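Everything on this sheet refers to the single structure shown next.
The values are calculated or read from the model by the stated rules, or taken from the named source; none is laboratory data. These figures come from a predicted structure and were not determined experimentally. Backbone-built Cβ (ideal geometry, glycine too); neighbour counts: all protein chains shown.
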Amino acid sequence: MQAEIAVLRFGLGAKPGDLAAAADEPRAWLMAQVRGPAPLAVNAPLAPSDQVYAGLLAARDERRKMKQETAAEGADGKAAFNAIREAYQPHYRAQVLARAQSAALTVRPFAERLVHFWSNHFAVSADKGVVFGLAGTLENEAIRPHVAGRFVDLLTAVEQHPAMIAFLDNQYSVGKDSTAARFASRSRTADSRQPKRQFGINENLAREILELHTLGVNGGYSQADVTSFAQIITGWSIGGGKGRLAGGVPGRFYFRDNLHEPGPKVFLGKTYAEQGQRQGEAVLADLARRPETANFIATKLVRHFVADDPPPAAVDRLSRAFLSSGGDLAQVYAALVGSPEAWEADARKFKTPEDFVFSTLRALNVSPAQPEEVIRTFDLLGQRQYTPGSPAGWPDTSKSWDGSDALMHRVLWASRVGAKYESGAEPEDLAAASLGGYARPETLTALRRASSSGQAVALLLMSPEFQRR
Amino acid sequence: MPGPAQMNNTRRRFLLGAGALAATAAIPNALFAKTYGSARLVVVILRGALDGLAAVPPYGDPDYASLHRELAIAAPGGADGALALNGTFGLHPALSFLHERFAAGELVVFHAVASPYRDRSHFDGQNVLENGLTKPIGTADGWLNRALTALPRRSGRAGDRAVAISQNVPLILRGEASVISKSPLATPDVDEDLLARLADLYSKDEWFSARLSEAVQTEKMVDGAADLSVMPKASAQAGYPDRVGAVARMASELMRSDGGPEIAVIEASGWDTHANQGGARGLLATRLAGLDKGLKSLADGLGPLWPQTAVLVVTEFGRTAAVNGTRGTDHGTGGCAFLVGGAVRGGQVIADWPGLHRTALLDNRDLKPTLDLRGVFKAVLDEHMHVDANTLAKLVFPDSSGARPQPGLIRA
């Protein structure tokens, strides 16, 4: 079952030929995939984040104009909201389509799964208006280049990406003693008609970096550390604003010195000298070296690739690889692939809707042509792309996906996929190519007895062995 | 995989069933018929931490306006003012249905309330809210599921007694007792023949077999209610207020169906208002209006069942007393909760108010909790669902002796 495990558990499911390709050296087949960046496997015309963001800024201007024009008519702001959504919608659709096509076609499915893993670890959610068109750019611009690189580079790229900064509200976080705050309090006395505006930090990004991206919730930090870290990263912002927020290239990371809380700051017992943007980068570099971070990342990887309850021996192995290599992710993956716990034959992970859809595309050797298909599919199955809803990302345990209603939606989707299936391949051959030795005799019997090839496809996709990895 | 838990299920249920049966022998039949099995409970979980100081503004507190600033809700009377509850507290102006229920004596408002969790992680906070323990880890099941295993038996009706109105089951309802899930997203036209063949294909796999039969059972309950289901929207952003309504309508439809569940769990997200929270209008106001409308849909949908219904509305923790630097609020501790329904002895605000003076705040920033949410949960499960107090203390909420049940929340 070694080839099957490599392709089904570590990869995204078997395309015709995958099982044969992995058969000789399953471990080498995997490790060859995690060298260097992992760009999208398709040549998709995707706009980079700065262009997407520039579209947002233009839509905001438009909105402001519309508000002024319709103020007399008492407009409710809905049209203005739509202006932003319309600016973002084409980007979201293109990103979601490219993601599904890449998953369907890639010859590096292990690297692609790792991209998805990190994208979920560093989750942003497109159901927040400002993130809608940016979510996919985080994955493509910050995660794909560093997926097999050093953790500190991945971490820094993510925390300085406009999608993350906007999602966790850091662009407007202001130090109380920053030049902007002091200037504002001086000018306020000159013009007392202006309503008093309170300047201060927003601790959202700082807290989630510690809790969700590095140390983990039990990683030994206090509320004081959260507050201090939030002050350290005041000024981490996005270019292209107005007034106090003017400056920088629109849509690119921009350090706003005038919002930054000046001075040295103590974080986790260590004093960080004032050096502007680099003060926060120094903290990230230290966080990336801590054993709590190593353990947290190792636990999540083992949960994803081995079992909902991660075996401690495997976690320990990955954690040590992380620390001894200075966070070289390729070496962490080598420790994962080298873990015997990951190669036990019983498939323990119930597929998420993403796993299910991507492995179906590969099994049937098809790639979606329209964003609409992808969007409708994930809406139906309850995992709308890039919208985990919270910065914790989608849950990664079976119990979070195994509701009876969820199963019924999978049945419905599988039957629709079956009804559209037109290839001449025999269902039993499909089963062999997509499941190898995992195909049970009773499933093969059910496929033979099916009333149509469409029904056989639905039965194959809904078989317990296809639903697990 | 959840296989082993499923296997224990039968034995565990049998034991509990036998105990419950013995208990009923002493109770006159008429009382049994009237009480047991007739109560309905809905738990609404607001994920993301609702700002209790905006939803239930303590406008009478001298420090409120200066701390909550542009997010504060004005005293009743003026434009966009709070809806009055008593001399100190009001409701956010978007909560008009809840206010109506308060006047009708069907709403209890709790303030300065919290679960035993005292840190500020959403995810740990939600775990504690749902697992019923004092810490985020330690059990994989939820307090409502444990309560379910101890619910007095209902006469003459089989089937699962709780439903999650979502595709999957949230922690609060996970555990040994079998529960169903049903999202408002329709599953039309699933071919009967395919389902039969799948049942056959699953016969050797206990987990798949159980899930499929639950799904088929649930589909039957809503057979006559296809118009309540919604089809997926093609757009990537479904309107928020409508979504709570759709979920609430599905809950009420299932609860009204023959042999339907007595308990439902609804989830609503979007309360994590770190930036541009708004006051009487704006982001949070829109969310609250959606919730209020959703609760009205629930009441309307339950119709004749409303008099025997209690709805708990809870969140993982409150938010900072002071506005942050981005016109929002950060993670806090004490907050508010609601108990509404025809079975509720309402018209009261329950709050041992610690005040918002700097010296009264927890860690110099949060409303200090003075009431343990588990005391509310215990009282509702005891008075309304008739789970016995001993089971509540030992099985459902271990280590909760400090959280005394709040008496008098349910009408006699």
(request) Take segment A:98-147 and flag every residue that is charged (D, E, K, R) and at pLDDT below 95. (result) A:ASP127, A:LYS128
(message) Suppose we keep only residues that are touching a residue at least 60 places away in the same chain (Cβ under 8 Å) and within 17 Å of the chain's Cα centre (by Cα) within segment B:382-405. Which one would you say is surrounded by the most Cβ atoms within 10 Å (Cβ to Cβ)?
(response) B:PHE397
(message) Give me the residue from segment B:109-128 that is of a type outside the set (A, V, I, L, M) and part of a helix (DSSP H, G or I) and, out of that set, surrounded by the most Cβ atoms within 10 Å (Cβ to Cβ).
(response) B:GLN126
(request) Residues being touching a Ser or Thr at 6+ places or on another chain (Cβ under 6 Å) and among the small types (Gly, Ala, Ser): count how many of those fall in segment B:46-94. (result) 3
(message) Please count how many residues of segment A:323-345 are over 18 Å from A:GLY11 (Cβ atoms) and in a loop (DSSP other than H, G, I, E, B).
(response) 3
(request) Might you let me know whether segment B:302-311 holds any residue that is at pLDDT 95 or above and closer than 30 Å to B:TYR64 by Cβ? (result) yes
(request) Please find, among B:ASN86, B:ASN29, the residue that is at pLDDT below 95, touching a Gly at 6+ places or on another chain (Cβ under 9 Å) and not basic (Lys, Arg). (result) B:ASN86
(request) Would you check if there is a residue in segment B:96-108 being in a loop (DSSP other than H, G, I, E, B) and hydrophobic (A, V, I, L, M, F, W, C)? (result) yes
(message) Anything in segment B:184-199 that is surrounded by 15 or more Cβ atoms within 10 Å (Cβ to Cβ) and at the interface with another protein chain (Cβ under 8 Å from one of its Cβ atoms)? List them, or say none.
(response) B:LEU185, B:THR187, B:VAL190, B:ASP191, B:LEU194, B:LEU195, B:ARG197, B:LEU198
(request) Kindly list the number of the only condition in (1) under 24 Å from B:GLY270 (Cβ atoms); (2) within 14 Å of chain A (Cβ to nearest Cβ); (3) touching a residue at least 12 places away in the same chain (Cβ under 8 Å) that fails for B:GLY325. (result) (3)
(request) Looking only at segment A:197-249, count how many residues are polar (S, T, N, Q), assigned to a loop (DSSP other than H, G, I, E, B) and surrounded by fewer than 24 Cβ atoms within 10 Å (Cβ to Cβ). (result) 3
(request) Hand me the list of helices (runs of 4 or more DSSP H) wholly inside segment A:370-469 holding 3 or more residues that are within 28 Å of B:VAL179 (Cβ to Cβ). (result) A:371-381, A:404-420, A:453-462, A:464-467
(request) Find the residue count for segment A:179-203, including only residues that are within 10 Å of chain B (Cβ to nearest Cβ) and at pLDDT 90 or above. (result) 5
(message) Against the definition (part of a loop (DSSP other than H, G, I, E, B) and among the polar types (S, T, N, Q)), how does A:SER359 come out, yes or no?
(response) no
(request) Hey, could you check segment B:204-215 for residues that are without any contact (Cβ under 8 Å) to a residue 24 or more places away in the chain and more than 8 Å from chain A (Cβ to nearest Cβ) and say which is surrounded by the fewest Cβ atoms within 10 Å (Cβ to Cβ)? (result) B:SER213
(request) Give the number of residues within segment A:253-284 that are of a type in the set (D, E, K, R), crowded, with 17+ Cβ neighbours inside 10 Å and within 24 Å of A:GLY240 (Cβ to Cβ). (result) 3
(request) Search segment B:262-275 for residues that are at negative phi and within 11 Å of chain A (Cβ to nearest Cβ) and pair each with any residue that is surrounded by fewer than 23 Cβ atoms within 10 Å (Cβ to Cβ) and of a type in the set (S, T, N, Q) when their beta-carbon atoms are under 8 Å apart and the residues are at least 6 apart or on different chains. (result) B:GLU267/B:SER166; B:SER269/A:SER390; B:ASP272/A:SER390
(message) Would you confirm, using the coordinates I've provided, whether B:ARG146 is modelled with pLDDT of 95 or more, under 30 Å from B:GLU214 (Cβ atoms) and of a type in the set (D, E, K, R)?
(response) yes
(request) Could you list, in sequence order, all residues of segment A:425-443 that are touching a residue at least 12 places away in the same chain (Cβ under 8 Å) and within 11 Å of chain B (Cβ to nearest Cβ)? (result) A:ARG440, A:THR443
(request) Report yes if some residue within segment B:302-311 is more than 22 Å from the chain's Cα centre (by Cα) and of a type outside the set (A, V, I, L, M, F, W, C); otherwise report no. (result) no
(message) I'd like the full set of residues that are within 7 Å of chain B (Cβ to nearest Cβ) and touching a residue at least 12 places away in the same chain (Cβ under 8 Å), limited to segment A:393-415.
(response) A:SER398, A:LYS399, A:TRP401, A:ASP402, A:ALA406, A:HIS409, A:VAL411, A:LEU412, A:SER415
(request) Determine, yes or no, whether A:GLN95 is of a type in the set (S, T, N, Q) and at pLDDT 90 or above. (result) yes
(message) Looking at the structure I just gave you, is B:ARG365 modelled with pLDDT of 95 or more, crowded, with 24+ Cβ neighbours inside 10 Å and more than 21 Å from B:GLY402 (Cα to Cα)?
(response) no
(message) If I ask for residues that are in contact with a strand residue (DSSP E or B) (Cβ under 7 Å, 6 or more places away or on another chain) and of a type in the set (D, E, K, R), which ones from segment B:96-134 would you list?
(response) B:ARG101, B:GLU106, B:ARG120
